[in-house]
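Shown next, in structure tokens, is the structure this report addresses.
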Amino acid sequence: MAQADIALIGLAVMGQNLILNMNDHGFVVCAFNRTVSKGILFVGSGVSGGEEGARYGPSLMPGGNKEAWPHIKTIFQGIAAKVGTGEPCCDWVGDEGAGHFVKMVHNGIEYGDMQLICEAYHLMKDVLGMAQDEMAQAFEDWNKTELDSFLIEITANILKFQDTDGKHLLPKIRDSAGQKGTGKWTAISALEYGVPVTLIGEAVFARCLSSLKDERIQASKKLKGPQKFQFDGDKKSFLEDIRKALYASKIISYAQGFMLLRQAATEFGWTLNYGGIALMWRGGCIIRSVFLGKIKDAFDRNPELQNLLLDDFFKSAVENCQDSWRRAVSTGVQAGIPMPCFTTALSFYDGYRHEMLPASLIQAQRDYFGAHTYELLAKPGQFIHTNWTGHGGTVSSSSYNA
């Protein structure tokens, strides 16, 4: 089915008529009784899985009017991907547009995962000087670790793939990444609700930058970077640093994604089962991985968990990766390698763990030039204006947060 195509499917189930309006981003389902007096029940369902999911079962994320769920549950869970002992990667998400919102965040996380893998690949290629088959083997090895996932698996396959002329195909592909918008929507939502989903935002901007291919060709002839970098460390050890940097950054990306889901639930009054959402992504979808089971465990331990980084498992995992993460980032910076997602993930971690940030200076600056007021540490909730110059007066602007 082409991207713009829409399929309308009529079904009769349990005394209901169902109409499915389906495209590659999801379903809109109208379930209504044969008698008009019973009303109409709307369901919007996110769908993920790509070509393979379409053939063998996708991850389905239905939301909307919960009274419709009993009428479509058997069908949806029947066609969904199965994991473990046959558990379907589909369950009720929540009210209104919750299903589509969860699917959107899934795609944003997908953008982040893909960009992180690309940055690891870039470090392997340009810092360690690894050949295609060497890199393919590294990703195969990584797929037997905590990074076990669909995207790591296909990356190894892509690196090994040879064109009809017997040469590797990947180096021939134009380095200008496309996008359909779901990563952008996630970043826009994060800005709208004031959630620092920095990694997904950088992943979107990395694609935007990659699309400036002709400009980059010209810039490469005029803009200088560091002097020719020669890595003189232990290659095996640094490869492990890259792996750990990828794992730690991935944790940050998922932590930010679930922060956005939690804030959306607050904004819209949704009751979301965060552990259940992680399980829906275990199979059928593009970000399926072993890692998601750990997220389910974290929310089982504490359903009110504010942030994945505060869970003991993820806290320990990041701490174990931290030295490698910092070495990978600092080495890449010295070599002039762009790593927007590795670096923003580390910056978020450092910002989140700091009790005090320099935002006090921002507040003082805002009050100085615009009388926007500030709070004192000793008096939170009380907004104060200072006459910084001695001739600014005592009038202040109203306080508000966009």
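The values are calculated or read from the model by the stated rules, or taken from the named source; none is laboratory data. Keep in mind the model is a prediction, meaning the values are calculated, not measured. Please note: Cβ atoms are built from the backbone with ideal geometry, for glycine as well, and neighbour counts cover all protein chains shown. Protein only, heavy atoms only, side chains kept; ligands, DNA and RNA dropped before computing areas. Shrake-Rupley method; radii C 1.70, N 1.55, O 1.52, S 1.80 Å.
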Extreme residue, surrounded by the most Cβ atoms within 10 Å (Cβ to Cβ), among residues of region 138-170 that are more than 23 Å from the chain's Cα centre (by Cα) and of a type in the set (A, V, I, L, M, F, W, C): 159
Scanning for something among the aliphatic types (A, V, I, L, M) and either under 17 Å from the mean Cα position of the chain (by Cα) or part of a loop (DSSP other than H, G, I, E, B) (or both), does region 211-224 turn up at least one residue? yes
Answer from 169, 147 - the residue that is in contact with a helix residue (DSSP H, G or I) (Cβ under 7 Å, 6 or more places away or on another chain) and of a type in the set (A, V, I, L, M, F, W, C): 147
Within region 275-292, the count of residues that are open to solvent by less than 20 Å² (accessible area, probe 1.4 Å) and not in a loop (DSSP other than H, G, I, E, B) comes to 8
Can you name every residue in region 302-334 that is open to solvent by 20 Å² or more (accessible area, probe 1.4 Å) and among the small types (Gly, Ala, Ser)? 316, 330
What residue, among those in region 227-265 that are of a type in the set (S, T, N, Q) and open to solvent by less than 10 Å² (accessible area, probe 1.4 Å), is farthest from residue 344 (Cα to Cα)? 256
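Matching residues to (1) among the polar types (S, T, N, Q); (2) open to solvent by less than 90 Å² (accessible area, probe 1.4 Å); (3) assigned to a helix (DSSP H, G or I):
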residue: 345; (1), (2), (3): no, yes, yes
residue: 356; (1), (2), (3): no, no, no
residue: 363; (1), (2), (3): yes, yes, yes
residue: 366; (1), (2), (3): no, yes, yes
residue: 372; (1), (2), (3): no, yes, no
residue: 380; (1), (2), (3): no, no, no
residue: 388; (1), (2), (3): no, no, no
Within region 77-110, the count of residues that are assigned to a loop (DSSP other than H, G, I, E, B) and aliphatic (A, V, I, L, M) comes to 3
Consider residue 299 against the criteria (1) more than 24 Å from residue 120 (Cβ to Cβ); (2) outside any loop (DSSP other than H, G, I, E, B); (3) open to solvent by 40 Å² or more (accessible area, probe 1.4 Å): it satisfies all of them except one. Which criterion is unmet? (3)
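Which residues, taken from region 111-129, are open to solvent by 30 Å² or more (accessible area, probe 1.4 Å) and either over 22 Å from residue 259 (Cβ atoms) or of a type outside the set (A, V, I, L, M, F, W, C) (or both)?
Listed by number, the residues that qualify are 115, 118, 121, 122, 125, 126, 129.
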Exactly one condition in (1) under 25 Å from residue 234 (Cβ atoms); (2) part of a helix (DSSP H, G or I); (3) not basic (Lys, Arg) is not met by residue 337; state its number. (2)
